[in-house]
Amino acid sequence: MTSSTQRLPDLSGTVALVTGAGGGIGSGIARQFAAAGAAVVLHYLSSADEAAALSEELNAAGGRTVTAQADVTDPEQCRALVRTAVDHFGRLDALVNNSGVQPNEPLADMCVEQWRFVVDTNVTGTFLATQAAVEVMRDGGGGSVTHIASIEGSQPAYDHAHYCASKAAVIMHARTAAIEYGPLGVRVNTVSPGLIHRDGLEDAWPDGVGRWLEAAPLGRLGRSSDVGDACVFLASTMAAFITGQDLRVDGGMLARPTW
Ligand SMILES: NC(=O)c1ccc[n+]([C@@H]2O[C@H](COP(=O)([O-])OP(=O)(O)OC[C@H]3O[C@@H](n4cnc5c(N)ncnc54)[C@H](OP(=O)(O)O)[C@@H]3O)[C@@H](O)[C@H]2O)c1
(Lines give C-alpha, C1' and ligand atoms only; values in the text may rest on other atoms or scores of the structure.)
Protein backbone atom coordinates (compact mmCIF):
# COMPACT_ATOMS: atom_id res chain seq x y z
CA MET A 1 0.00 0.00 0.00
CA THR A 2 1.53 3.29 -1.06
CA SER A 3 0.45 6.90 -1.07
CA SER A 4 1.37 10.04 -2.92
CA THR A 5 3.57 12.44 -0.99
CA GLN A 6 3.32 15.17 -3.66
CA ARG A 7 0.44 16.89 -1.94
CA LEU A 8 1.88 17.07 1.58
CA PRO A 9 2.21 20.46 3.28
CA ASP A 10 5.80 21.68 3.61
CA LEU A 11 7.14 20.86 7.08
CA SER A 12 10.78 21.68 6.41
CA GLY A 13 12.19 23.37 9.52
CA THR A 14 9.72 21.47 11.71
CA VAL A 15 10.87 18.99 14.34
CA ALA A 16 8.41 16.17 15.06
CA LEU A 17 8.34 13.39 17.64
CA VAL A 18 6.29 10.29 16.83
CA THR A 19 5.74 7.77 19.62
CA GLY A 20 5.52 4.09 18.76
CA ALA A 21 7.27 4.75 15.44
CA GLY A 22 8.51 1.16 15.28
CA GLY A 23 4.91 -0.05 15.03
CA GLY A 24 2.44 -0.28 12.16
CA ILE A 25 0.67 3.07 12.16
CA GLY A 26 3.53 4.92 13.87
CA SER A 27 5.96 4.04 11.09
CA GLY A 28 3.44 5.31 8.53
CA ILE A 29 3.05 8.57 10.41
CA ALA A 30 6.82 9.01 10.70
CA ARG A 31 7.25 8.37 6.96
CA GLN A 32 4.74 11.09 6.10
CA PHE A 33 6.42 13.62 8.40
CA ALA A 34 9.80 12.82 6.86
CA ALA A 35 8.32 13.05 3.36
CA ALA A 36 6.93 16.48 4.25
CA GLY A 37 10.45 17.60 5.18
CA ALA A 38 10.30 17.42 8.99
CA ALA A 39 13.14 16.20 11.17
CA VAL A 40 11.69 13.27 13.11
CA VAL A 41 12.44 11.62 16.44
CA LEU A 42 11.38 7.99 16.04
CA HIS A 43 10.35 6.76 19.47
CA TYR A 44 10.09 3.09 20.42
CA LEU A 45 9.63 1.01 23.55
CA SER A 46 10.68 -2.52 22.51
CA SER A 47 10.89 -2.28 18.69
CA ALA A 48 14.49 -1.04 18.60
CA ASP A 49 15.36 -2.92 15.39
CA GLU A 50 12.27 -1.69 13.53
CA ALA A 51 12.88 1.91 14.60
CA ALA A 52 16.56 1.71 13.63
CA ALA A 53 15.71 0.22 10.22
CA LEU A 54 13.15 2.96 9.58
CA SER A 55 15.63 5.64 10.61
CA GLU A 56 18.26 4.21 8.29
CA GLU A 57 15.77 4.06 5.41
CA LEU A 58 14.56 7.64 5.91
CA ASN A 59 18.05 9.07 6.39
CA ALA A 60 19.28 7.28 3.27
CA ALA A 61 16.48 9.05 1.38
CA GLY A 62 17.70 12.45 2.64
CA GLY A 63 15.66 12.61 5.85
CA ARG A 64 16.82 13.70 9.30
CA THR A 65 15.77 11.20 11.94
CA VAL A 66 17.01 9.76 15.23
CA THR A 67 15.61 6.98 17.39
CA ALA A 68 14.86 7.21 21.12
CA GLN A 69 13.58 4.66 23.62
CA ALA A 70 11.08 5.45 26.39
CA ASP A 71 8.20 4.02 28.36
CA VAL A 72 5.56 6.71 28.01
CA THR A 73 3.96 5.74 31.32
CA ASP A 74 7.05 7.10 33.12
CA PRO A 75 7.21 10.90 33.54
CA GLU A 76 11.01 11.11 33.67
CA GLN A 77 11.37 8.97 30.55
CA CYS A 78 8.92 11.26 28.75
CA ARG A 79 11.00 14.30 29.70
CA ALA A 80 14.17 12.56 28.51
CA LEU A 81 12.43 11.65 25.25
CA VAL A 82 11.53 15.27 24.59
CA ARG A 83 15.10 16.31 25.42
CA THR A 84 16.28 14.01 22.62
CA ALA A 85 14.46 16.22 20.12
CA VAL A 86 16.01 19.37 21.56
CA ASP A 87 19.50 17.87 21.83
CA HIS A 88 19.49 16.61 18.22
CA PHE A 89 17.41 19.15 16.37
CA GLY A 90 17.29 22.19 18.68
CA ARG A 91 13.53 22.34 19.22
CA LEU A 92 10.24 20.43 19.17
CA ASP A 93 7.28 21.61 17.12
CA ALA A 94 5.01 18.59 16.76
CA LEU A 95 4.24 15.59 18.94
CA VAL A 96 2.16 12.63 17.75
CA ASN A 97 1.03 10.42 20.64
CA ASN A 98 0.63 7.19 18.70
CA SER A 99 1.80 4.67 21.32
CA GLY A 100 -1.02 2.47 22.52
CA VAL A 101 -2.12 -1.06 23.34
CA GLN A 102 -5.29 -2.78 22.21
CA PRO A 103 -5.82 -6.22 23.80
CA ASN A 104 -9.20 -7.98 23.77
CA GLU A 105 -11.07 -9.16 26.85
CA PRO A 106 -14.79 -9.46 27.65
CA LEU A 107 -15.84 -7.23 30.52
CA ALA A 108 -17.00 -10.19 32.59
CA ASP A 109 -13.48 -11.67 32.60
CA MET A 110 -11.47 -8.45 32.75
CA CYS A 111 -9.24 -8.09 35.80
CA VAL A 112 -8.08 -4.79 37.22
CA GLU A 113 -4.51 -5.32 35.97
CA GLN A 114 -5.76 -5.65 32.38
CA TRP A 115 -7.86 -2.51 32.78
CA ARG A 116 -4.97 -0.55 34.32
CA PHE A 117 -2.49 -1.67 31.64
CA VAL A 118 -4.63 -0.25 28.85
CA VAL A 119 -5.65 2.94 30.64
CA ASP A 120 -2.12 3.59 31.91
CA THR A 121 -0.52 3.13 28.49
CA ASN A 122 -3.13 4.86 26.37
CA VAL A 123 -4.30 7.65 28.67
CA THR A 124 -1.56 8.27 31.22
CA GLY A 125 1.12 7.89 28.54
CA THR A 126 -0.61 10.46 26.36
CA PHE A 127 -0.99 12.87 29.28
CA LEU A 128 2.67 12.55 30.32
CA ALA A 129 4.21 12.82 26.85
CA THR A 130 2.04 15.85 26.12
CA GLN A 131 2.96 17.58 29.37
CA ALA A 132 6.68 17.02 28.74
CA ALA A 133 6.41 18.25 25.14
CA VAL A 134 4.45 21.38 26.00
CA GLU A 135 7.13 22.42 28.50
CA VAL A 136 9.52 22.70 25.55
CA MET A 137 7.03 23.95 22.95
CA ARG A 138 5.88 26.88 25.10
CA ASP A 139 9.45 28.17 25.30
CA GLY A 140 9.81 27.73 21.53
CA GLY A 141 6.73 29.81 20.74
CA GLY A 142 4.19 27.01 20.40
CA GLY A 143 3.54 23.79 18.58
CA SER A 144 1.02 21.07 17.93
CA VAL A 145 0.10 17.82 19.64
CA THR A 146 -1.94 15.09 17.96
CA HIS A 147 -3.20 12.05 19.83
CA ILE A 148 -4.02 8.90 17.91
CA ALA A 149 -7.41 7.96 19.35
CA SER A 150 -9.80 5.59 17.53
CA ILE A 151 -13.33 5.43 16.21
CA GLU A 152 -13.77 3.17 19.25
CA GLY A 153 -13.47 6.32 21.36
CA SER A 154 -16.88 7.24 19.97
CA GLN A 155 -18.44 3.85 19.22
CA PRO A 156 -18.31 0.79 21.50
CA ALA A 157 -16.75 -2.50 20.46
CA TYR A 158 -17.08 -5.94 22.03
CA ASP A 159 -14.21 -7.08 24.29
CA HIS A 160 -12.74 -3.57 24.17
CA ALA A 161 -14.31 -1.78 27.15
CA HIS A 162 -10.91 -0.75 28.53
CA TYR A 163 -9.70 0.31 25.08
CA CYS A 164 -12.89 2.21 24.16
CA ALA A 165 -12.87 4.00 27.52
CA SER A 166 -9.19 4.87 27.09
CA LYS A 167 -9.71 6.35 23.62
CA ALA A 168 -12.74 8.36 24.75
CA ALA A 169 -10.51 9.70 27.53
CA VAL A 170 -7.78 10.58 25.04
CA ILE A 171 -10.29 12.55 22.96
CA MET A 172 -11.43 14.47 26.03
CA HIS A 173 -7.83 15.00 27.18
CA ALA A 174 -7.14 16.69 23.85
CA ARG A 175 -10.17 18.95 24.13
CA THR A 176 -9.19 19.97 27.65
CA ALA A 177 -5.54 20.41 26.71
CA ALA A 178 -6.65 22.57 23.77
CA ILE A 179 -8.26 25.10 26.09
CA GLU A 180 -5.45 25.07 28.67
CA TYR A 181 -2.53 25.08 26.21
CA GLY A 182 -4.08 27.30 23.54
CA PRO A 183 -2.87 30.48 25.27
CA LEU A 184 0.66 29.01 25.15
CA GLY A 185 0.41 28.62 21.38
CA VAL A 186 0.02 24.86 21.49
CA ARG A 187 -2.80 23.24 19.51
CA VAL A 188 -4.06 19.80 20.58
CA ASN A 189 -6.23 17.54 18.41
CA THR A 190 -7.00 13.87 17.94
CA VAL A 191 -7.00 11.68 14.87
CA SER A 192 -9.41 8.73 15.15
CA PRO A 193 -8.54 5.98 12.69
CA GLY A 194 -10.87 3.22 11.62
CA LEU A 195 -9.52 -0.21 10.73
CA ILE A 196 -6.01 0.24 9.34
CA HIS A 197 -4.28 -2.33 7.14
CA ARG A 198 -1.26 -4.20 8.45
CA ASP A 199 0.49 -7.26 7.07
CA GLY A 200 -1.42 -10.43 7.86
CA LEU A 201 -4.60 -8.70 9.04
CA GLU A 202 -6.83 -10.35 6.42
CA ASP A 203 -5.55 -13.80 7.43
CA ALA A 204 -5.71 -13.13 11.17
CA TRP A 205 -9.20 -11.59 11.13
CA PRO A 206 -10.99 -12.43 7.87
CA ASP A 207 -14.44 -11.98 9.40
CA GLY A 208 -13.67 -8.50 10.75
CA VAL A 209 -12.00 -7.34 7.55
CA GLY A 210 -14.91 -8.70 5.51
CA ARG A 211 -17.48 -6.88 7.62
CA TRP A 212 -15.44 -3.68 7.42
CA LEU A 213 -15.17 -3.80 3.63
CA GLU A 214 -18.89 -4.45 3.37
CA ALA A 215 -19.82 -1.52 5.63
CA ALA A 216 -17.22 1.19 4.95
CA PRO A 217 -18.56 3.85 2.54
CA LEU A 218 -15.13 4.17 0.89
CA GLY A 219 -14.91 0.38 0.56
CA ARG A 220 -11.34 -0.23 1.71
CA LEU A 221 -9.18 -0.52 4.79
CA GLY A 222 -7.29 2.54 5.94
CA ARG A 223 -3.57 2.91 5.30
CA SER A 224 -1.03 4.06 7.86
CA SER A 225 -0.22 6.84 5.40
CA ASP A 226 -3.86 8.02 5.59
CA VAL A 227 -3.34 8.50 9.32
CA GLY A 228 0.06 10.11 8.68
CA ASP A 229 -1.44 12.55 6.17
CA ALA A 230 -3.99 13.71 8.76
CA CYS A 231 -1.23 14.17 11.35
CA VAL A 232 0.94 16.14 8.93
CA PHE A 233 -2.01 18.36 8.08
CA LEU A 234 -2.75 19.03 11.76
CA ALA A 235 0.92 19.86 12.42
CA SER A 236 1.07 22.26 9.48
CA THR A 237 0.18 25.93 9.16
CA MET A 238 -2.87 24.80 7.15
CA ALA A 239 -4.34 23.80 10.52
CA ALA A 240 -3.21 26.95 12.34
CA PHE A 241 -6.73 27.75 13.60
CA ILE A 242 -7.75 24.16 14.41
CA THR A 243 -7.56 22.90 17.99
CA GLY A 244 -9.65 20.70 20.26
CA GLN A 245 -10.96 18.69 17.31
CA ASP A 246 -11.30 14.98 16.57
CA LEU A 247 -10.51 14.17 12.92
CA ARG A 248 -11.91 10.77 11.95
CA VAL A 249 -9.88 8.90 9.36
CA ASP A 250 -12.27 6.00 8.89
CA GLY A 251 -13.46 5.88 5.28
CA GLY A 252 -16.81 7.24 6.43
CA MET A 253 -17.62 4.40 8.83
CA LEU A 254 -18.94 6.59 11.64
CA ALA A 255 -20.95 8.66 9.18
CA ARG A 256 -23.19 5.66 8.49
CA PRO A 257 -26.70 5.58 9.94
CA THR A 258 -26.80 2.96 12.69
CA TRP A 259 -30.42 1.88 12.12
N1 LIG B 1 -4.56 -0.71 13.96
C2 LIG B 1 -5.72 -0.08 13.86
O3 LIG B 1 -6.58 -0.43 13.04
C4 LIG B 1 -6.01 1.09 14.78
C5 LIG B 1 -7.24 1.74 14.67
C6 LIG B 1 -7.50 2.85 15.47
C7 LIG B 1 -6.54 3.32 16.34
N8 LIG B 1 -5.34 2.67 16.44
C9 LIG B 1 -4.34 3.23 17.37
O10 LIG B 1 -3.17 3.52 16.62
C11 LIG B 1 -2.03 3.45 17.47
C12 LIG B 1 -0.98 2.53 16.83
O13 LIG B 1 -1.54 1.23 16.74
P14 LIG B 1 -0.93 0.07 15.80
O15 LIG B 1 -2.09 -0.68 15.29
O16 LIG B 1 0.07 0.61 14.88
O17 LIG B 1 -0.26 -0.87 16.91
P18 LIG B 1 1.26 -1.25 17.17
O19 LIG B 1 1.95 -1.62 15.91
O20 LIG B 1 1.24 -2.26 18.28
O21 LIG B 1 1.88 0.10 17.71
C22 LIG B 1 1.68 0.56 19.00
C23 LIG B 1 2.99 1.09 19.54
O24 LIG B 1 2.82 1.51 20.91
C25 LIG B 1 4.06 1.38 21.54
N26 LIG B 1 3.87 1.23 22.98
C27 LIG B 1 3.09 0.34 23.64
N28 LIG B 1 3.22 0.51 24.98
C29 LIG B 1 4.09 1.53 25.17
C30 LIG B 1 4.64 2.19 26.31
N31 LIG B 1 4.32 1.82 27.57
N32 LIG B 1 5.53 3.17 26.12
C33 LIG B 1 5.89 3.56 24.86
N34 LIG B 1 5.40 2.99 23.75
C35 LIG B 1 4.52 1.99 23.90
C36 LIG B 1 4.71 0.14 20.96
O37 LIG B 1 6.10 0.36 20.89
P38 LIG B 1 7.18 -0.85 20.66
O39 LIG B 1 6.71 -1.61 19.46
O40 LIG B 1 8.46 -0.15 20.44
O41 LIG B 1 7.16 -1.68 21.91
C42 LIG B 1 4.08 0.02 19.56
O43 LIG B 1 4.99 0.28 18.52
C44 LIG B 1 -2.53 2.97 18.83
O45 LIG B 1 -2.73 4.08 19.68
C46 LIG B 1 -3.87 2.32 18.49
O47 LIG B 1 -4.75 2.32 19.57
C48 LIG B 1 -5.05 1.57 15.69
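Write out, first by first residue and then by second, each pair whose Cβ atoms fall under 9 Å of each other, whose residues are 6+ apart or on separate chains, and whose first residue, in the range 232-259, is within 24 Å of Arg220 (Cβ to Cβ) while the second is surrounded by fewer than 18 Cβ atoms within 10 Å (Cβ to Cβ) and among the hydroxyl-bearing types (Ser, Thr, Tyr).
These pairs meet every condition: Asp246/Ser154; Arg248/Ser154; Leu254/Ser154.
Just need a number here: residues in the range 97-114 that are within 16 Å of the ligand (Cβ to nearest atom) and either touching an Asp or Glu at 6+ places or on another chain (Cβ under 9 Å) or not in a helix (DSSP H, G or I) (or both). So that I can check it myself, show each step before the final result.
Within the range 97-114, the subset within 16 Å of the ligand (Cβ to nearest atom) is 97-105, 113-114.
Remaining after also requiring either touching an Asp or Glu at 6+ places or on another chain (Cβ under 9 Å) or not in a helix (DSSP H, G or I) (or both): 97-105, 114.
Selection size over the range 97-114: 10.
Does Phe241 meet the test of being crowded, with 19+ Cβ neighbours inside 10 Å and aromatic (Phe, Trp, Tyr)?
Values: crowded, with 19+ Cβ neighbours inside 10 Å: no; aromatic (Phe, Trp, Tyr): yes.
Criteria not met by Phe241.
What single numbered condition from (1) over 23 Å from Ala94 (Cα atoms); (2) open to solvent by 20 Å² or more (accessible area, probe 1.4 Å); (3) not small (Gly, Ala, Ser); (4) not in a loop (DSSP other than H, G, I, E, B) fails to hold for Arg198?
If we test Arg198 against (1) over 23 Å from Ala94 (Cα atoms); (2) open to solvent by 20 Å² or more (accessible area, probe 1.4 Å); (3) not small (Gly, Ala, Ser); (4) not in a loop (DSSP other than H, G, I, E, B), just (4) comes out false.
For the range 203-259, give me each residue that is part of a helix (DSSP H, G or I) and among the polar types (S, T, N, Q). Spell out how you get there, then give the answer.
Just the residues of the range 203-259 that are part of a helix (DSSP H, G or I), to begin with: 203-204, 206-215, 224-235, 237-239, 253-255.
Hits for the range 203-259 are Ser224, Ser225, Thr237.
Given (1) touching a residue at least 24 places away in the same chain (Cβ under 8 Å); (2) open to solvent by 20 Å² or more (accessible area, probe 1.4 Å), where does Cys78 come up short, assuming only one miss?
Result: Cys78 fails condition (2) only.
All but one of (1) open to solvent by 40 Å² or more (accessible area, probe 1.4 Å); (2) in a helix (DSSP H, G or I); (3) of a type in the set (S, T, N, Q) hold for Gln155; which doesn't?
Status for Gln155: all satisfied but (2).
Could you tell me which numbered condition Arg187 fails, if it satisfies all but one of (1) more than 16 Å from the ligand (Cβ to nearest atom); (2) in a helix (DSSP H, G or I); (3) among the charged types (D, E, K, R)?
Result: Arg187 passes all but (2).
Give the number of residues within the range 201-233 that are within 15 Å of the ligand (Cβ to nearest atom) and crowded, with 20+ Cβ neighbours inside 10 Å.
Number of matching residues: 10.
The values are calculated or read from the model by the stated rules, or taken from the named source; none is laboratory data. On a predicted model such as this, the values are computed, not experimentally measured, just so you know. Cβ sites come from the backbone with ideal geometry, for glycine too, and all protein chains shown count toward neighbours. Each accessible area value is taken on the protein alone, full model and side chains, heavy atoms only, with ligands, DNA and RNA left out. Shrake-Rupley method; radii C 1.70, N 1.55, O 1.52, S 1.80 Å.
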